[in-house]
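Heads up, the thing below is written out as structure tokens.
What follows draws every value from the coordinates through simple rules; no lab data is involved. Keep in mind that what you see is a predicted model, and the values were worked out from it rather than measured. Cβ atoms come from the backbone with ideal geometry, glycine included; neighbour counts cover every protein chain shown.
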Amino acid sequence: MGPPPMQPVPSDDGKTVELRVGKHLLWLGEAAYPLQNIARVYTAEFKPKRGEAFWYFVLGGGAGLAVAKAAPELRFLGILAAVALFARFVKVLTSPSKFALVIDTTGAASALVTLPDHLELRRLVGAIVEAVENPDKTIHTRVETVQFNRREYHYGDRVNMYGGVGNVGVLKK
């Protein structure tokens, strides 16, 4: 027995998009994804990078205040930098985690959508998987567009790669 049917969410406030499955296509707003090209559908949690924001504030704010103390002509800029970094730190500190439905394809395309309820996202994953397995299945609902700065959130594991350019990561023991 599959997941319960998805209920359409009526709304057209500009913050939501239509998600439809039918006739071998998944429509997300104006983007169409062939069901046979969907490689993975899952929910993911994006957590704010609170530690990173804290260290930017401590180091950058400390440097700004040191400049303000050492060079009186740059006092305003040093204090302004410290205040701006503190404001960013408070913004990231108070940001909640974001839950999203991620749709990866066999190509380079992927899509992120959210709903206020994490359980509803899980049901939507089940409904999409069922539609991939059973192409005659239809889904019609509305989901929220993802609007957050992905640089302020950590998503998944990071892997150290040796060689190449610009690779970042963490060694897990």
Next item on the list: Apply the Karplus parameterisation 6.51 cos²θ - 1.76 cosθ + 1.60, with θ equal to phi minus 60°, to every residue of the stretch 129-138 and state each ³J(HN,Hα) to the nearest whole Hz, in sequence, with x for glycine and proline.
Entry: 4, 4, 5, 5, 6, 10, x, 7, 5, 10
Notebook entry, point to check: At q = 0.20, 0.22, 0.23, 0.26 Å⁻¹, what base-10 log of I(q)/I(0) does the Debye formula yield for the stretch 50-94 when every alpha carbon is treated as an equal point scatterer in vacuo?
Noted result: -0.54, -0.62, -0.66, -0.77
Notebook entry, point to check: Computed FRET efficiency, Cβ-Cβ of Glu133 and Thr43, R0 22 Å: what is it to the nearest 0.05?
Noted result: 0.75
Margin query: Give me the tail of P(r) for the stretch 28-153 as a percent: Cα-Cα pairs with distance above 19 Å.
Written below: 61 percent
